[in-house]
Each structure stands twice: as C-alpha cells, then as structure tokens.
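Comments concern the structure below.
No value in this document is a laboratory result; all are computed from the given coordinates. As the structure is a prediction and not an experimental result, all values here were calculated from the model. When we count neighbours, we look across all protein chains shown, and the Cβ atoms used for this are built from the backbone with ideal geometry, even at glycine.
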Amino acid sequence: MTITLSSPLDMHIHFRQDAMLDLVAPLSALHFAGGVIMPNLIPPVNSVDRLLWYRGEIDRALAGAAFEPYMTLFFRDYSEEELIAAKPHIIGIKLYPAGATTNSDSGVREITAMNHVFAMMEHHGIPLLVHGETHGFVMDREREFCEVYRYLATTFPRLQITMEHITTADAVSLLDEFENLRATVTPHHLMITLDDVVGGLMNPHLFCKPIAKRPEDREALLQAALRAHPKLMLGSDSAPHPLDKKECPGCAAGVFTAPIQLPLLADLFDRHDSLHNLQAFVSDNARRLYGVQPPERIVTLERSPMTIPDSYGPVVPMWAGRTIPWSVVS
Ligand code: DOR
Ligand code: ZN
C-alpha cells in the first residue's frame, strides 16, 4: 500500500538559526516542498533587513534543496512604509501575545492598541498569523482567546487571519463562523491529549504551547483534519530544543516532528479510512488559502514500518524509539 503526495507544505515551522538551523532545515526539505518559517528568534525577525538576513541563512542551510521558505515578520507597530517594503518578501506577519511562548517577550500587550496596524495589513493584503492564547489558566487560554479572534475577524473583515496550531473544539467552530479565519493544526494535537503529557509519567518531549487539551478537543480537531476541512492546513509547529533544555526543570515548550510528520499522518489517515483527503490537508488547502505555488515535489509513502530515531543531533523527536506503520520511500 502506497500513497503519493504532491508538494507537501508545512505551514508553521521553527527553523531557529546557526547549528540548529543547519540541522533542521534539511530535514524539513527532505519531505516538504515549502513551509512557513516562524520569526521568534532572539532578537525577533522584526525588520526587513533582519528578514533578508534570515532568508539568506535559510537558503544557505537548505543548500539548493527544492524547498520554498515562506517568510514571516514578528508583529510590532510597523509603519505603512515598512509594511509596503516587507510585503514582497513575506507570506504574513506573526502576532505573539507578549510572553505567551518561547521568545515572545516583545509581543503584543494590548490587541486594540494595534488596530491601525491591522487596518494597514488589511488594506495591503498582508495575512495576520496569530498565536492565540491569553494569559489565563493554561487549559482555558485558547478558548478565552476566541473572543479576540471574533473581534479581529469582524473589525477587519478583509484581513486574512490564520489561527495557528489550534487545539480546541471552540477554535474548530470558529472556522465556519467567520469567512476570514483559517487555521493550522499540528500532527501531535491530532494524536495526543494532556494525559499523554502529564497524565502518567511526565513527558517533556510532548510539552508545547498551546498545551494538548481534552479528548473531545482532539476529536474535533481530528474530524476536521480527516475530512480536510477546506480552511484547515497542516502546520507542524515543529519546534526543536536541545535535549538539555527539554529534560530539565523549566522544560522548554516545543515538540519536534519535522522529519516524522508525514508517516504519522499517513498512519492516522489510513486508520480512519481517510487517505484520500491527505493531499488536501497537507498541501492543496494551503495552496488555495495562501495562493502559493510551491516547487513540484513528489513524496511517496508506503505502509512499511519505520522506527523513529532516538534523536536528531541534540534534538529528541516526538515518540523517539517507537515503531510506526508508515514510512517515506522517496
Ligand atoms: O511549544 C511551542 N514552541 N509553542 C510555540 O508557540 C513556540 C515554540 C518554540 O518556538 O519553541
Ligand atoms: Zn510555533
């Protein structure tokens, strides 16, 4: 049993910089034709100069691989001139609430104070990508943030807004309520709940933000993904941290899945008789929603087992050491 995918896209990835970039960028390029690169470096990618520098670093790390990095800027109070200068180089601007996650200290403190920037982005057709969590109780952060999504979607009806890495049934419902909302979802949030993170022995390699939620949330996400909901895209949020930053007190948030997500998804869709929808979920929806045309790549998977490596350099992937039924053959 095999399945052939045309130009898979990962619409939310952390590539980092320096040695980590050199390690992880080629791993994404093995299976993907492109991806949306997150800007939460230290310092953040929040100027055109820094964006062009980062793009150069990524191109160097990719060493000619047929992988299109769709760049993002870190949201701040940009002037109209800055937005106009950035537009040809970016797929969107990523908004982090201040302190919500890794390297987000310079994020937004008050959403409505940025309305002039949202209005300019709407006018210039620049998508807004959002880490949608409040500072409330950890399990309620995304649900509480749905009010902000509602506010943005109605106040700026022509602004294309991507709810990044959704984890709740509430966020899935918003997709059908507002024309200008779409979302990414990670493979791990389709497969795990909070129980997998802390319900037994604590697993730091499944700890991420937003944290995995309840079984009914996972089920809502899974059903939307399996039918390739037309406004839902694969975005792995693959977020590498070295082992010593994960297996320690103060464990960093992030699950590393870049090299294993297509086998994980092929298995998941296969078990639910939904392989016919995998192409739309991993590529076609993103191409349509963002109007992108990635390089032509054919990736073939087959139902033959692979054992997930214990590590990639210093980074431990999700489910390290586990054998899964599907693998990439080319
Ligand atoms: O778990 C996460 N890790 N969530 C994020 O939003 C950021 C990411 C990271 O950069 O490590
Ligand atoms: Zn992320």
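For the reader, a short list of remarks on this structure follows.
- Measuring nothing but how far apart in sequence close Cα pairs (under 8 Å, 6+ apart) lie, relative to its length, the chain scores a relative contact order of 20 percent.
- Helix 115-124 and the long axis of the chain differ in direction by around 70°, with both axes built from C-alpha atoms.
- Straight-distance candidates among the lysines for linking to LYS213, with alpha-carbon spacing under 26 Å and chain neighbours fewer than 8 residues away dropped: LYS94, LYS231, LYS245, LYS246.
- Reducing the stretch 73-110 and the stretch 282-324 to their Cα centroids gives an inter-centroid distance of 28 Å.
- Electrostatic bookkeeping for THR162 treats Lys and Arg as +1 and Asp and Glu as -1; over the other residues with beta carbon under 12 Å from its beta carbon, the sum is +2.
- Charge dipole (Cα centre; +1 on Lys/Arg Cβ, -1 on Asp/Glu Cβ; no other charges) of the chain amounts to roughly 280 debye.
- With the highest mean first, a sort of the peptides 151-158, 215-222 on other beta-carbon atoms found within 10 angstrom per residue produces 215-222, 151-158.
- Antiparallel bridge percentage (DSSP; both residues within the chain; nearest 5): 30
- MET1 paired with SER79, simple spin-label distance in nm, labels 7 Å along Cα-to-beta-carbon: 5.9
- Measuring between their Cα centroids, the stretch 1-52 and the stretch 220-262 lie 13 Å from each other.
- Distance-filtered residues of the stretch 246-264 - backbone nitrogen under 13 Å, label point 7 angstrom along LEU30 Cα→Cβ: 257-264
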